[in-house]
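Undergrad: Below is the structure I would like to discuss, written out as structure tokens.
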Amino acid sequence: MTLVLTIESTCDETAAAVINDRLEVLGAVVASQEKFHERFGGVVPEIASRAHVERILPVIDSTLAKAGVTLADLDAIAVANRPGLAGSLLVGLMAAKTLALALDLPLIGIDHLQAHIYACRLAAGHDVFPCIGLIVSGGHSNIYRCETPLDFTPLGGTIDDAAGEAFDKVASMLGLGFPGGPALQRAAEKGDPRKFRLPRPLLDDDSRLEFSFSGLKTAVRYQLFGAGRPTMDAETLDPQLVADMAASFQAAVIDCLAGKAMLALDKTGFKRLCIGGGVAANRPFRERMEQLAAARKIELHIPPLSLCTDNAVMGAIALEKFNAGKFETLELEISAGLER
Ligand code: KG4
Ligand code: ZN
């Protein structure tokens, strides 16, 4: 039986997993850094990379212990080497290269975005390709035509902020803390999504499979604090107004994501949609997608919450590369951006 150790450190979670070739997870650990970044209202790259340095070896140790295996039992080392924060990616890559060299094991590079979609394959328990892949996370909002787990063609994406980034920034404006997505979802439960009229940028333009969330964010700011006000003080906001704005903003983002996902299906004729990334954990978004999929007879896959946000279990995609003999040399580098 093949056993792969997968390592994930692309942003602010340090994670590892041991997975076998039947895609069974023997052990997995995620160490979150939320408490370090909370007071800054967003991920601070320098803090993230330092925290990865401190955690990576303990996380790998406890993953092996949970899985009941030792380093000697492993057949390959896999690491998410793109895309992400450069300093964060480097820590995972160095750990992986060191293990591969010391243990004389093959090294496998994981594309973090392909891994987010592969989480759907894991959750489904059967093949989900070809499909349209929608990745909605803190760093990315992209739509792909996914022929196989390892063959993605970009169809579109955000032209400015990612959906999760917009959630985090608006949550911070509303004084809701970090990470903003879950906090904003909770606040929205008590709010009226029709209270504020917010734009749905690019939604009416059927020629573009693109998102734009930066104008939406600015619209929220103007409606809360007025145009041109240099200082914003969330503490002065009425709790009901916060709830109404959270609900109105969330509804606008969901409309945009759902609309463009459906447009991608229409344009390609695909009947299967796989969604991954932290924002896919958003309950009203999941519910909307389920309704749309049922109405249009689309096969929809959204992983359980723990597989939406960053984790190393979705690194099981490394087994696809192992089986195809796609290995890297110790020259493997990080790639922080989307270009390949
Ligand atoms: O995939 P992920 O863990 O990390 C990246 O690869 O970026 O996504 C993190 C993002 C954050 O922006 C967070 O606010 C958002 O996912 N998020 C949510 C929810 N849970 C996490 N956004 C909306 N609703 C949620 N329930
Ligand atoms: Zn991610």
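Undergrad: Which residues, taken from the stretch 1-10, are in a loop (DSSP other than H, G, I, E, B) and crowded, with 24+ Cβ neighbours inside 10 Å?
TA: Passing the criteria: SER9, THR10.
Undergrad: Any idea which residue in the stretch 172-197 is surrounded by the most Cβ atoms within 10 Å (Cβ to Cβ), counting only those that are in a helix (DSSP H, G or I) and at pLDDT below 95?
TA: From the stretch 172-197, those in a helix (DSSP H, G or I) are 172-173, 180-188; that's our starting set.
Now drop any that are not at pLDDT below 95, which leaves 172-173, 180.
Numbers: SER172: 19, MET173: 20, GLY180: 25.
Ranking the candidates gives GLY180 first.
Undergrad: Does GLY133 satisfy the criteria of being buried (at least 19 other Cβ atoms within 10 Å of the Cβ), in contact (Cβ under 8 Å) with a residue 40 or more places away in the chain, within 14 Å of ligand 2 (Cβ to nearest atom) and closer than 15 Å to PRO303 by Cβ?
TA: Yes; evaluated as a whole, the condition is true for this residue.
Undergrad: Determine whether the stretch 167-183 contains at least one residue that is assigned by TED's automatic domain parsing to the domain that holds PHE213, within 21 Å of LEU85 (Cα to Cα), under 18 Å from the mean Cα position of the chain (by Cα) and aliphatic (A, V, I, L, M).
TA: No; the residues of the stretch 167-183 include none that is assigned by TED's automatic domain parsing to the domain that holds PHE213, within 21 Å of LEU85 (Cα to Cα), under 18 Å from the mean Cα position of the chain (by Cα) and aliphatic (A, V, I, L, M).
Undergrad: A follow-up question, please. Out of the stretch 14-33, which residues are at pLDDT below 95 and under 15 Å from the mean Cα position of the chain (by Cα)?
TA: Hit for the stretch 14-33 is SER32, nothing else.
Undergrad: Can you name the residue in the stretch 287-303 that is touching a helix residue (DSSP H, G or I) at 6+ places or on another chain (Cβ under 6 Å) and not hydrophobic (A, V, I, L, M, F, W, C) and, of all such residues, is farthest from ligand 2 (Cβ to nearest atom)?
TA: If we take residues in the stretch 287-303 being touching a helix residue (DSSP H, G or I) at 6+ places or on another chain (Cβ under 6 Å) and not hydrophobic (A, V, I, L, M, F, W, C), then ARG288 is farthest from ligand 2 (Cβ to nearest atom).
Undergrad: On to the next question. State whether one or more residues within the stretch 301-323 are free of Cβ contacts under 8 Å to residues at least 60 places away in the same chain and part of a loop (DSSP other than H, G, I, E, B).
TA: Scanning the stretch 301-323, I find no residue that is free of Cβ contacts under 8 Å to residues at least 60 places away in the same chain and part of a loop (DSSP other than H, G, I, E, B), so the answer is no.
Undergrad: Could you grab me the full set of residues in the stretch 308-340 that are of a type in the set (A, V, I, L, M, F, W, C) and surrounded by 22 or more Cβ atoms within 10 Å (Cβ to Cβ)?
TA: CYS308, ALA312, VAL313, MET314, ALA316, ILE317, ALA318, LEU319, ILE334
The values are calculated or read from the model by the stated rules, or taken from the named source; none is laboratory data. Because the structure is predicted, anything quoted here is derived from the model rather than measured. For neighbour counting, all protein chains shown are included, and Cβ atoms are generated from backbone atoms with ideal geometry for every residue, glycine included.
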